[in-house]
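The values are calculated or read from the model by the stated rules, or taken from the named source; none is laboratory data. Quantities reported herein were computed from a predicted structural model and do not represent experimental measurements. FYI the Cβ positions are ideal-geometry reconstructions off the backbone, even for glycines, and counts take in every protein chain you see.
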């Protein structure tokens, strides 16, 4: 999704701006953690100002912020997100977990972000008295143009066909963690056809999976389609 928005001429993108803050606070052993903290922004008030108050980088009209909900730690006041247009990208927890454990084999529930995503959705819904836009990752892969058109309409941004394809390779706007996580993204030039991920959830993670699935299904019923 970040590639699609980043290929628009009117859009500036930022990749997981809370990642360095999250790693500094949690000391999670993520690949490249020390480098991410050293080069990232960990001053939370300054970071929030950049995301909500300051001019959009490059003088662009649209500021696409790729946020990861597990970066929203419990002690972090989330009211600032209400200054943004919040859109939710959801994904089947089975596929999320099978992907995640390739790098981190023993996640806890909070690592996967489903509870935080559900809570953030409820916060936005409660404050705005409306359903924020939700798109499911599988729908985007199956029907990219249709889903992007629907999403753009929902947030009042004109659809741009440039969102459907892009040059391969990494970008200056990719986080420095791209070398650890973005192999497939760097090779891509468009949305790949949807293919269910193969494999089974380990027995040790079944309870976590069920908790994630409950959160996912709460949002899935509201998805754009």
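When residues of the range 144-173 are filtered for being assigned to a loop (DSSP other than H, G, I, E, B), under 19 Å from the mean Cα position of the chain (by Cα) and free of Cβ contacts under 8 Å to residues at least 60 places away in the same chain, how many remain? Result for the range 144-173: 2. Any idea which residue in the range 68-100 is surrounded by the most Cβ atoms within 10 Å (Cβ to Cβ), counting only those that are at pLDDT below 95 and over 25 Å from residue 52 (Cα atoms)? Of everything passing the filter in the range 68-100, 100 is surrounded by the most Cβ atoms within 10 Å (Cβ to Cβ).
Yes/no per residue for (1) within 29 Å of residue 159 (Cβ to Cβ); (2) touching a residue at least 40 places away in the same chain (Cβ under 8 Å):
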| residue | (1), (2) |
| --- | --- |
| 12 | yes, yes |
| 27 | no, no |
| 37 | no, no |
| 96 | yes, yes |
| 101 | no, yes |
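When 115, 135, 140 are checked against the criterion of being farther than 26 Å from residue 61 by Cα and modelled with pLDDT of 95 or more, 115 stands alone in meeting it.
Among the residues of the range 113-143, those that are within 22 Å of residue 209 (Cβ to Cβ) and out of contact with any helix residue (DSSP H, G or I) (no Cβ under 7 Å at 6 or more places or on another chain) comprise 119, 122, 137, 138, 141.
Within the range 150-164, which residues are over 18 Å from residue 194 (Cβ atoms) and either exposed (fewer than 15 other Cβ atoms within 10 Å of the Cβ) or in contact with a helix residue (DSSP H, G or I) (Cβ under 6 Å, 6 or more places away or on another chain) (or both)? Walk me through how you get there before you give the answer.
So the first thing to find is which residues in the range 150-164 are over 18 Å from residue 194 (Cβ atoms), and the list is 152-162.
Passing the criteria: 153, 155, 156, 158, 159, 161.
Looking at the structure I just gave you, is residue 44 surrounded by fewer than 17 Cβ atoms within 10 Å (Cβ to Cβ) and under 19 Å from residue 154 (Cα atoms)? Considered against the rule, which asks whether it is surrounded by fewer than 17 Cβ atoms within 10 Å (Cβ to Cβ) and under 19 Å from residue 154 (Cα atoms), residue 44 comes out as no. Scanning for something in a helix (DSSP H, G or I) and within 25 Å of residue 152 (Cβ to Cβ), does the range 105-117 turn up at least one residue? Yes, the range 105-117 contains a residue that is in a helix (DSSP H, G or I) and within 25 Å of residue 152 (Cβ to Cβ).
Counting only residues that are assigned to a helix (DSSP H, G or I) and at pLDDT below 95, which one in the range 174-225 is nearest to the chain's Cα centre (by Cα)? Full working, then the answer.
Filtering the range 174-225 for residues assigned to a helix (DSSP H, G or I) gives 178-181, 183-187, 203-220.
With at pLDDT below 95 added as a condition, the list becomes 179-181, 183-184.
Working: 179: 18, 180: 17, 181: 14, 183: 17, 184: 16 Å.
By that ranking, first place goes to 181.
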